[in-house]
Amino acid sequence: MNIHEYQAKEILGSFGIAVPRGRVALTSDQVERAAKEMGGRCIVKAQIYAGGRGKAGGVKLVHHPEQAQELAKDLFGRKLVTPQTGPQGLKVRRILVEEAVEIAREFYLSITLDRETSRYCLIASAEGGVEIEEVAQKSPEKIHILTIDPFTGLRPYQARKIALALGLKGSICEDCVDLILNLYRCCTERDCFLVEINPLVITKAGWLMAMDAKVNFDDNSMFRHREYPDMQDYSQLDPLEITAGKFDLSYIKLQGNIGCMVNGAGLAMATLDVLKESGGEPANFLDVGGGATREKVTEAFKIILQDADVKGVFVNIFGGIMRCDIIAQGIIEAASEVHCALPIVVRMDGSKVEEGKKLLMQSGLNVQIGNNLGDGATRIVQMLQAGRPN
Ligand code: ADP
Ligand code: MG
């Protein structure tokens, strides 16, 4: 789960990490007042669930409150497109007004879960700022990575090794050791999937400060943190993702035109691969999980059909726990409810498969049955091609 920069900074602050003084505003008048409070000269920062805002015009230095207000008028309601938002962009509804800090040096520091080792790993670089992805690609030797043993936790000597690798000396090096240890504490106590400070800066006055902050909570820890859902800004999410969440379905939006309904994440990955191999482009995938009910399948199908990019649907379900006739009923119910005339291919196998196929064939829907995964993928691609005007 994502949160905004200003919320992430509040959390870092509560772990003793210095952050700039700031206020979050919802209107351009509030931005003006906040700018006055910061002394006129300040930084205006659009709050969206994505980085790369600086280069997209979402982070700007202003010199007086009226200028802050003008900028806010332009930013509010605008969709910012950055390399992390996708082409559709994200709408600005909150703005952080911050004191303008005089920066001497910028570093990169983060802790995230490494799926390879199943451990937290700390990533640091003296080449911080807005181009960290490029540094990682062009000069990987400038990125320092440390895998953290969950049993011993992060030890001070390890944090010091990182601070030294960043080229820090003396008291600022010790400050950095403390900051790294605090960041690790934040990560484990708050069940974060990612905490990222880019840039971590040394100010001209000689202090370490988090100038940007990104915190991502591990969704599996929600039962331990009842306050997390209230921190969510739903305006930053795809409405279909929100609906899917309500029914406990995983929905991921992609760029193509074939909606995919699958049970199980592994099968979803295989389905996307085979679909691509057959020349198809997935518009999304919706994982209905192992023991989904007919109601869940119905909701899932409706969600897929609400995606305007979807021009055809590919259902790939292995009915181990789930019965195929129930899946078929769910599909038929949802498709008739929304008057779906789109081509549908269903590939299913397992319990009551013949009953399921029979129901579909008698349904009057524009549906074909795939004999296996490859055959199903080819069929949906062909059905789409056949329906395309020349
Ligand atoms: P993003 O990563 O989304 O581009 P950042 O918060 O990192 O946004 O801001 C981009 C750049 O703006 C930073 O690298 C930093 O140089 C500068 N910056 C951000 N906040 C401040 C601030 N309060 N004072 C001075 N400079 C800032
Ligand atoms: Mg940044």
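Per-residue answers, yes or no, for (1) under 26 Å from the mean Cα position of the chain (by Cα); (2) under 22 Å from Thr243 (Cβ atoms):
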position	(1), (2)
Asn284	yes, yes
Arg294	no, yes
Met322	no, yes
Gln329	no, yes
Glu337	no, yes
Ser351	no, no
Leu360	no, no
Leu365	no, no
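Considered as a group, the residues in the stretch 173-215 that are under 13 Å from Leu113 (Cα atoms) and not β-branched (Val, Ile, Thr) include one that is farthest from ligand 2 (Cβ to nearest atom), and that residue is Asp191. Within the stretch 269-282, the set of residues being open to solvent by 40 Å² or more (accessible area, probe 1.4 Å) and assigned to a strand (DSSP E or B) is empty.
Residues that are farther than 24 Å from Asn220 by Cα, part of a strand (DSSP E or B) and not aromatic (Phe, Trp, Tyr): does the stretch 180-196 have at least one? Checked against the condition, which is being farther than 24 Å from Asn220 by Cα, part of a strand (DSSP E or B) and not aromatic (Phe, Trp, Tyr), the stretch 180-196 yields no hits at all. The condition of being open to solvent by less than 10 Å² (accessible area, probe 1.4 Å), out of contact with any Asp or Glu (no Cβ under 9 Å at 6 or more places or on another chain) and modelled with pLDDT of 85 or more holds for only one of Ile326, Ile380, Ile332, Ile317, that being Ile380. Screening the candidates Ala46, Ala50, Ala8, Ala25 for the property of being surrounded by 15 or more Cβ atoms within 10 Å (Cβ to Cβ) and more than 16 Å from ligand 2 (Cβ to nearest atom) yields one hit, Ala25. Only one of Asp233, Asp218 is within 12 Å of the chain's Cα centre (by Cα), more than 16 Å from ligand 2 (Cβ to nearest atom) and in contact (Cβ under 8 Å) with a residue 24 or more places away in the chain; which? When all the criteria are applied, what remains is Asp218.
Candidates in the stretch 114-131 are the residues that are more than 16 Å from ligand 2 (Cβ to nearest atom) and either aromatic (Phe, Trp, Tyr) or part of a loop (DSSP other than H, G, I, E, B) (or both); of these, the one that is most open to solvent (accessible area, probe 1.4 Å) is Arg115.
Within the stretch 146-155, identify whether any single residue is under 23 Å from Glu98 (Cα atoms), under 26 Å from the mean Cα position of the chain (by Cα) and surrounded by 13 or more Cβ atoms within 10 Å (Cβ to Cβ), and answer yes or no. Checking the stretch 146-155: not a single residue is under 23 Å from Glu98 (Cα atoms), under 26 Å from the mean Cα position of the chain (by Cα) and surrounded by 13 or more Cβ atoms within 10 Å (Cβ to Cβ). Cβ-Cβ distances below 7 Å connect the following pairs, each with a first residue in the stretch 279-304 that is in the same structural domain as Ile331 (by TED's automatic domain parsing), a second residue that is at pLDDT below 80 and of a type in the set (A, V, I, L, M), and a separation of six or more residues or different chains: Gly290/Ile321; Gly291/Ile321; Gly291/Met322; Ala292/Met322. When Gln84 is tested against the conditions (1) within 21 Å of Leu12 (Cβ to Cβ); (2) modelled with pLDDT under 95; (3) open to solvent by 60 Å² or more (accessible area, probe 1.4 Å); (4) not assigned by TED's automatic domain parsing to the domain that holds Lys36, the lone failure is (4).
I'd like to check something: does the stretch 158-169 contain any residue that is loosely packed, with under 12 Cβ neighbours inside 10 Å and not in a loop (DSSP other than H, G, I, E, B)? The answer is no, given that none of the residues of the stretch 158-169 is loosely packed, with under 12 Cβ neighbours inside 10 Å and not in a loop (DSSP other than H, G, I, E, B).
Going by the conditions given, is Arg94 more than 12 Å from ligand 1 (Cβ to nearest atom), basic (Lys, Arg) and outside the structural domain of Trp207 (by TED's automatic domain parsing)? When the stated conditions are applied, Arg94 passes them.
The values are calculated or read from the model by the stated rules, or taken from the named source; none is laboratory data. Computed from a prediction, not measured in an experiment: that's the story for all the values here. Using ideal geometry, Cβ is built from the backbone for each residue, glycine included, and neighbour counts are taken over all protein chains shown. We work out accessible area using only protein heavy atoms, side chains counted, and drop any ligands, DNA or RNA first. Shrake-Rupley method; radii C 1.70, N 1.55, O 1.52, S 1.80 Å.
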